[in-house]
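Student: This is the structure, below, for whatever I ask next.
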Amino acid sequence: MTLSALTVLIVGLIVMVILVVGLWAYGTANRLDRLHVRSDQAWQSLEAALARRSVVTRAVAAALAAPGSLESKNLTSLADRAERADRAERESAENAVSVALAAIELDSLKPQLISELADAEARVLIARRFHNDAVRDTLALRSRRPVRWLRLGGTAPLPTYFEISERANPSGADTLEVASTRTSARVVLLDGRGRVLLMRGHDPTTPDVYFWFTIGGGVEPGESLKQAAVRELAEETGLMIDVDDLRGPMWRRIATFPFDGVVIRSEELFFATRTEEFEPVHTGFTDLERRAVTGHRWCSAEDIRALAASGETVYPYGMAELLDEADTVVALRTDPEVRTIH
């Protein structure tokens with residue numbers, strides 16, 4: 001091999017190494033940008049959840065037996081302080097609100113307000129989880145030596161975790177007089193495009209507040225969970241399937257909520273199955289369901305986020321993020337381990 005050929009080979013190798021490193025650095029920098037965007041969006045969602053909790057906290061303060069009492073004024077003051085706090089002080093301010101809320105006797109509050117408080121606290125914990133997950137992933141990548149050496153993180157500040165105390169039990173779990181306790185079988189019905197069929201409805205006592213939910217209902221005496229899911233699917237959509245077409249249960253959710261003048265505590269078990277898109281028929285609806293259910297829609301993850309952004313709650317919480325998991329469960333055709341969701 002001549003010297004010139006060896007030189008060309010060495011130069012070629014150097015160029016290839018530089019190219020590979022450059023492509024890796026470019027891809028890593030883009031991934032970091034996406035992670036920073038995700039962290040920022042997660043913080044904005046957490047801020048929105050905290051702001052909603054502050055609104056509900058002030059409503060709780062106003063509804064206390066003695067609105068002008070020291071307890072009521074202190075609760076309002078803490079909620080105001082938390083909303084005004086900057087990022088560095090927000091964690092301690094929000095934890096002060098959590099401590100004050102945990103000390104309140106909720107027996108004197110209306111079930112609807114207790115339910116709103118439980119919902120607000122659940123949203124904070126879910127948003128906190130997504131925020132901290134985003135922070136964890138960002139910090140894990142930025143802490144790698146090559147990333148630090150090449151300064152691929154740019155000048156973006158490092159994101160920080162947000163920790164907030166949790167109740168041992170959700171608000172109202174032990175204070176509501178539950179008029180009904182039931183086990184429900186619910187179905188995440190997916191079409192060929194990965195969209196889920198959701199129903200739109202409202203509490204007959206609050207017709208102006210709409211929410212979205214999956215197909216399903218209470219298990220009747222003598223039924224198995226899968227039999228109940230198949231029956232509810234037929235009654236609420238007209239679709240007939242076999243119990244072997246269902247995968248799951250994959251999720252378990254405990255919900256306490258007021259509906260039609262009573263408080264219901266429901267243990268919900270979720271199954272998943274797939275079908276082609278069709279137009280549901282509701283011939284099996286009860287009179288109450290006819291009054292409460294106002295529509296339906298096949299929803300993608302983006303559709304669900306848009307509904308939530310418009311102010312209409314989608315149950316279960318985080319459904320947009322759960323769709324991929326349900327899709328995977330159906331594709332694998334195996335029954336997964338049941339896990340708890342909100």
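The values are calculated or read from the model by the stated rules, or taken from the named source; none is laboratory data. Keep in mind that what you see is a predicted model, and the values were worked out from it rather than measured. So basically every Cβ, Gly included, is an ideal-geometry build from the backbone, and we count neighbours across all protein chains shown. Remember, those area values only see protein heavy atoms, side chains included, never the ligands or the DNA or RNA. Shrake-Rupley method; radii C 1.70, N 1.55, O 1.52, S 1.80 Å.
Student: Using +1 at the C-beta of Lys and Arg and -1 at the C-beta of Asp and Glu, which of Ala59, Thr328, Val209 has the Cα lying farthest in the positive direction of the dipole of the chain?
Tutor: Value: Thr328.
Student: Quote the charge dipole size of the chain about the Cα centre in Debye, to the nearest 20; the model charges only the Cβ of Lys and Arg (+1) and of Asp and Glu (-1).
Tutor: Once rounded to the nearest 20, the dipole reads 1620 debye.
Student: So if I place +1 on the C-beta of Lys and Arg and -1 on the C-beta of Asp and Glu, and nothing else carries charge, what would the dipole magnitude of the stretch 1-141 be about its Cα centre? I want it in debye, nearest 20.
Tutor: Here the size comes out at about 300 debye.
Student: Ignoring ligands, DNA and RNA, what percent of the accessible area of the chain is carbon or sulfur (1.4 Å)?
Tutor: With neighbouring chains kept in place, the figure for the chain is 56 percent.
Student: Further question: Taking a 1.4 Å probe, which of Arg128, Arg182, Arg305 shows the most accessible area, and what order do the others take after it?
Tutor: Largest to smallest exposure gives the sequence Arg305, Arg182, Arg128.
Student: If you scale each eigenvalue of the Cα gyration tensor by 5 and take the root, what three semi-axes come out for the chain, rounded to whole angstrom and sorted largest first?
Tutor: Semi-axes, largest first: 44, 33, 15 Å.
Student: Any chance you could look up the accessible area of Ile241 with a 1.4 Å probe, heavy atoms only, rounded to 10 Å²?
Tutor: Accessible surface of Ile241 is approximately 40 Å².
Student: With a 1.4 Å probe and all protein chains kept in place, how do His282, His342 rank by accessible area, largest first?
Tutor: Heavy-atom accessible area, descending, gives His342, His282.
Student: Tabulate in residue order the Karplus-calculated ³J(HN,Hα) for the stretch 89-99, using 6.51 cos²θ - 1.76 cosθ + 1.60 with θ = phi - 60°, rounded to whole Hz; enter x for Gly and Pro.
Tutor: My calculation for the stretch 89-99 gives 9, 5, 4, 5, 5, 5, 5, 5, 5, 4, 4 Hz in order.
Student: Can you give me the solvent accessible area of Tyr161 with a 1.4 Å probe, rounded to the nearest 10 Å²?
Tutor: Probe radius 1.4 Å; accessible area of Tyr161 about 100 Å².
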